[in-house]
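The values are calculated or read from the model by the stated rules, or taken from the named source; none is laboratory data. Computed from a predicted model, the values in this text were never measured in an experiment. No Cβ is skipped: glycine too gets one built from the backbone with ideal geometry, and neighbour counts run over all protein chains shown. Quick note on the areas: whole protein, heavy atoms, side chains included, nothing else; ligands and nucleic acids left out. Shrake-Rupley method; radii C 1.70, N 1.55, O 1.52, S 1.80 Å.
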Amino acid sequence: MPQATFRFPRGFLWGTATSSHQVEGGNSGNQWWLWEEGGHTLHRSGRACEWWNGRWKEDFDRAAEAGQNAHRFSIEWSRVQPKPDRWDEDAIEHYRQMARGLYDRGMTPLVTLHHFTDPIWLTEQGGWEQEGVVARFEAYVRRVVEALKDYVTLWCTINEPNVYALSGYVSGAFPPGKHDLKLAMQVMANMIRAHAAAYRAIHQIQREARVGYALHYRPMVARRAWSPLDRLMRALRYQGVNMAFPSAISEGVMRSPVAKVRLPEAKGTQDYLGINYYSQDTVWFNLRKPGELFTDSGFPKDADLSDTGFIANIPEGLFATLKWAAHTYPDLPILITENGVEDADDHMRPRYLAQHVHQVWRAINFNWPVKGYFYWTLVDNFEWERGWSQRFGLWALDPETQKRTRRPSADLYAEICRENGLSSEMVARYCPEVMEKLFP
Ligand code: BGC
């Protein structure tokens, strides 16, 4: 057997990513809580992972002991600003303690300011459909950055604006559950405006800040490469899903299949590119999907699928993603702000992890500036409309007893983090089935 190690550059960030609503519990002030009460989700978030009750400490200990040197977490706007005219200083202090908790453990915090949830009062004012949200978001961001700036320099304004807009306004799986492509693009445009305002506000407060957002990027291939229709559908869907935010940031114009909006204030407003990559889609023409511009998507028949079929293990898609990123924004640092898989009994996760880390290493060897990798996620959490049916954690969680159980992948990831690399010996122990692929 060949012995080799894929080594990463010194200072590479290895962490996990989480979000407030998915781990805190008791977030009754946001629109997701109401959505869950309305029966739109498989289960309810309930106590989640009890981070609001202090369990973030034990989970940060787990991450630190497992060799992670960074962590991405998010701030819950509805806790910081429970009413339009009220700021909750205790909540702000709670987040300051979390940032400090990472700092004290020698871990770099990456703080997300918006991860799918909105205060109920904001929703009542029209949420992200109204341009008024821009000034409100900026005010909230200023408050948080002022409070956390001693410990945090790495900021992510908005997580997956494309998923927020498309799930809330096209598929309807997220609140407000609408089906209106035009409105989705209006929401997207307001998110871009808010991102640009936040970018400037953060830099005003903290000169050394590095500010970006997290793009959910889906590489796509046409189902039948020879079919002009499938190819056209692929192009349409690709543009609609992936390109609105990047085009606004590159050119100051948001380009989508249904709208072109000039947003000059957005041009150049990122110091790094945050990428969330999970899988790659196969796309085709479907007459029964007019609401999605007649495009449909799925995975190849022989795909290596996760527990519920939500994710196909396609590591080459991550390489394609990084290639796109490096070519679109030469010289801009890239952070993989999320990558992971749902796998309750951990039969697939070790190979998913090893194969994706391998693709990151390949990308770095082309001199593409990938600076960090955040696995989604640390401990099983509340997975939105899919409730507790999907288990993404390195640690398993029993939400009833709150007991955490380490999965083998936690050990594999710990070895990767400590070694700052992935060795053939690790692959032989944790996922020998992909040995030949990774070390031919
Ligand atoms: C989101 C996370 C989510 C993960 C897995 C990403 O789109 O940012 O909040 O839990 O996917 O479903």
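For the reader, a short list of remarks on this structure follows.
- Against the rule of thumb 2.2 N^0.38 Å, how large the Cα Rg of the range 191-299 comes out: 1.26
- Accessible area of the chain belonging to carbon and sulfur atoms, whole % at 1.4 Å probe: 50 percent
- The range 290-440: translational diffusion in µm²/s, Stokes-Einstein, Kirkwood Rh over Cα pairs, 37 °C, 0.692 mPa s: 196 µm²/s
- Springs join every pair of Cα atoms under 10 Å in this Gaussian network model of the chain, and among GLN130, GLN186, GLN390 the largest mean-square fluctuation is at GLN130.
- With 0.36 nm allotted per residue and the present C-alpha distance subtracted, the THR308-ASN286 stretch has 5.6 nm of extension available.
- The convex hull of the Cα atoms of the range 203-264, projected and averaged over all directions, covers 5.6 nm².
- Each 5 Å bin from 0 upward holds the following percent of the Cα-Cα pairs of the range 394-437: 6, 21, 22, 19, 13, 9, 7, 3, 0.
- Sparsely packed loop sites in the range 23-83 (the GluC sites (Glu not before Pro) outside DSSP H, G, I, E and B with at most 13 other Cβ atoms within 10 Å) do not occur.
- Helix-derived mean residue ellipticity, 222 nm - over the chain, DSSP H n ≥ 4, -39500 (n - 2.57), to 500: -11500 deg cm²/dmol
- Rg over Rh for the chain works out to 0.94, using Cα positions for both radii and the Kirkwood form for Rh.
- Per-peptide average of other Cβ atoms within 10 Å, ordering 396-402, 237-243, 376-382 highest first: 376-382, 237-243, 396-402
- Accessible surface computed residue by residue for the range 5-438, with neighbouring protein chains in place and a 1.4 Å probe, gives 38 Å² per residue.
- Highest mean packing first, where packing is the average number of other Cβ atoms within 10 Å per residue, the peptides 209-218, 290-299, 411-420 line up as 209-218, 411-420, 290-299.
- The mean sequence separation of alpha-carbon pairs under 8 Å and at least six residues apart, normalised by the residue count of the chain, gives a relative contact order of 19 percent.
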